[in-house]
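Okay, so here's the structure we're looking at.
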Amino acid sequence: MELRLYDTLSREKRTFVPLDPNNVRMYVCGPTVYDFAHIGNARPVIVFDVLFRLLRHLYGEAHVKYVRNITDVDDKINDRAARDFPGLPLNEAIRKVTEETGRQFHADVDALGALRPSVEPRATEHIAEMREIIERLVKGGFAYVAEDHVLFSPQAMNAANSSLPRYGALSNRSLDEMVAGARVDIAPYKKGNTDFVLWKPSKSGEPSWPSPAGITAEGRPGWHIECSAMAWKHLGEHFDVHGGGIDLVFPHHENEVAQSCCAFHRERMANYWMHNGFLQVESEKMSKSLGNFITIHELLKDWPGEVLRLNMLKTHYRSPIDWTMKSLEESAKTLDDWYRVAADVEPGKPAASVVEPLLDDLNTSLAIAALHSLRGSNVHALAGSLGLLGFLSESAAQWEGRKQQASGVDAKEVERLIAERTAARSRKDFGESDRIRDVLVAMGVAIKDSKEGTTWEVVR
Ligand code: AMP
Ligand code: ZN
């Protein structure tokens with residue numbers, strides 16, 4: 001069976017045909033590093049990790065290149081640096097903020113079972129490529145210099161008599177309507193009200209680099225140009241998949257397409273544009289003011305990363321997801337069970353019943369239903385399929401041990417109580433054995449008696 005992916009640009013599922021099966025290329029917009037990532041940010045990380053794993057499964061590990069950038073130049077970073085390190089020169093403070101946040105991001109996404117991308121470029125290391133694209137855009141008549149800014153003109157792009165895509169095609173908007181609906185109080189240096197910034201002057205003390213297009217003052221890049229530059233450097237002018245959350249379709253991805261296609265005279269930047277739906281928490285939009293803003297870091301204190309991963313993948317990536325405590329508890333139970341039956345068996349080949357739904361635009365909810373069926377029929381295939389999806393990174397004993405640690409249960413004490421209870425039962429002192437069972441239950445430990453003896457587990 002072939003892989004089919006939903007493409008936001010053509011608004012349909014299409015068979016995936018890589019430009020080069022020996023070098024399948026995917027770009028996903030990464031984090032702006034100024035604060036802990038929230039659980040919504042984990043969605044593209046997990047979803048595109050599944051796609052990365054599936055592509056490696058289909059084309060071979062050495063034949064897939066996954067690029068996810070780190071945005072380390074941004075106003076939010078500057079503000080955070082000034083707030084957190086008021087005594088330091090701004091550039092030093094910025095380095096502290098981006099290094100620390102980048103480290104936290106890695107710790108979080110590693111715990112979620114996400115493979116590291118092949119390349120994680122940083123925006124500040126690609127200023128030369130950004131300048132080069134900007135120069136090309138100015139020379140081609142798509143961008144202009146005004147008051148030390150460089151601006152891109154969507155109207156110039158759509159007026160060009162060429163095989164360029166139409167500005168607005170990705171987000172299904174009409175430029176005329178955007179022009180009519182745009183704010184009137186636009187910055188005075190903009191010729192058109194939909195023109196967007198490629199480069200701008202830096203304020204004093206802010207990070208700055210030599211400017212392109214003959215501007216003498218130093219400056220810094222706009223956000224959209226960063227991704228065009230990093231994708232170009234690492235994947236070339238035209239590549240296979242570009243992904244991110246649905247909120248990035250406009251303006252970020254629309255502008256990326258505009259910049260890259262106009263600079264390289266291409267009809268396309270990526271062949272498949274993929275966007276994950278939004279995550280909300282207990283039926284409400286996540287926001288700092290509502291107090292329901294949860295970071296991955298906080299959740300990882302209560303739940304193993306694989307529980308968060310499973311909970312995310314139960315919903316198809318294009319649907320909105322409602323993140324609830326109830327669903328998390330169910331995901332935890334499911335994983336406890338899978339660890340018990342499948343973590344220590346020899347993994348078999350991933351089952352066709354799991355791979356096929358994944359080939360149909362990453363239908364992880366159907367794939368998970370198939371995992372439940374495999375549990376009763378083929379634990380080796382269950383183990384192999386869970387491995388493909390990024391689960392079972394630990395042994396059953398490690399998993400159980402971590403749970404006990406998290407719940408504060410002292411395993412030695414549990415074993416001692418169970419031995420006491422066994423002794424009580426053998427002298428037929430059932431009052432005492434029931435009392436000990438109640439003590440264990442109060443500790444959050446459930447026991448099970450069988451011919452082989454008594455086993456126990458921590459119940460959440
Ligand atoms: P940002 O740091 O806001 O640029 O977001 C990083 C990535 O997370 C982007 O791909 C966003 O689309 C995605 N994202 C942000 N918030 C959510 C959310 N609530 N649900 C799903 N994806 C999100
Ligand atoms: Zn981007």
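The values are calculated or read from the model by the stated rules, or taken from the named source; none is laboratory data. In this text the structure is predicted, and so the values were computed from the model without any measurement. Neighbour counts are summed over all protein chains in view; Cβ atoms, including those assigned to glycine, are modelled from backbone coordinates with ideal geometry. Protein only, heavy atoms only, side chains kept; ligands, DNA and RNA dropped before computing areas. Shrake-Rupley method; radii C 1.70, N 1.55, O 1.52, S 1.80 Å.
Points to keep in mind about this one:
- For region 48-123, carbon and sulfur atoms together expose 47% of the accessible surface, with a 1.4 angstrom probe and every protein chain in place.
- Å² per residue, accessible surface of region 1-76 at 1.4 Å: 37 Å²
- For the peptides 146-155, 263-272, 85-94, residues were scored by their other Cβ atoms within 10 Å and the scores averaged per peptide; the highest-first order is 146-155, 263-272, 85-94.
- Unit Cα scatterers, Debye sum, region 396-460: log10 I(q)/I(0) for q = 0.29 Å⁻¹: -1.35
- Over 22 Å between alpha carbons, listed pairs Lys139/Lys233; Lys76/Lys191; Lys190/Lys233; Lys326/Lys403; Lys65/Lys349: Lys76/Lys191; Lys190/Lys233; Lys65/Lys349
- Ligands, DNA and RNA left out, the 1.4 Å accessible surface of region 213-348 is 52% carbon and sulfur atoms.
- The dipole here belongs to region 381-460: it is taken about the Cα centre, uses +1 on the Cβ of Lys and Arg and -1 on the Cβ of Asp and Glu, and is about 120 debye.
- CD proxy at 222 nm, helix term only [per DSSP H run n ≥ 4: -39500 (n - 2.57); per residue of the chain; nearest 500]: -14000 deg cm²/dmol
- DSSP beta bridge pairing in region 4-279, given as percent antiparallel to the nearest 5: 45 percent
- With the highest mean first, a sort of the peptides 394-402, 381-389 on other beta-carbon atoms found within 10 angstrom per residue produces 381-389, 394-402.
- Distance (nanometres) between label positions extended 7 Å along Cα→Cβ at Ala406 and Glu147: 5.3 nm
- Cα gyration tensor shape for region 4-279, rounded if a/c is under 1.5, else prolate or oblate: oblate
- Environment charge at Pro18 (Cβ cut-off 12 Å; Lys +1, Arg +1, Asp -1, Glu -1): -1
- Placing +1 on the Cβ of every Lys and Arg and -1 on the Cβ of every Asp and Glu, with no other charges, gives the chain a dipole of roughly 400 debye about its Cα centre.
- Among beta bridges that DSSP assigns inside the chain, antiparallel share in %, nearest 5: 50 percent
- For region 311-316, Karplus couplings with θ = phi - 60° (6.51, -1.76, 1.60), whole Hz, Gly/Pro x: 4, 6, 7, 5, 9, 4
- Accessible surface area normalised per residue over region 340-456 is 54 Å², counting heavy atoms of protein chains with a 1.4 Å rolling probe.
- Carbon plus sulfur fraction of accessible area for region 409-458, probe 1.4 Å, in percent: 53 percent
- Overall form of region 325-399 per C-alpha gyration tensor (a/c, 1.5; a/b vs b/c): oblate
- Ranked by the mean number of other Cβ atoms within 10 Å per residue, highest first, peptides 169-176, 190-197, 322-329 order as 190-197, 169-176, 322-329.
- Net charge of neighbours whose Cβ lies under 9 Å from the Cβ of Ile94, counting Lys and Arg as +1 and Asp and Glu as -1: 0
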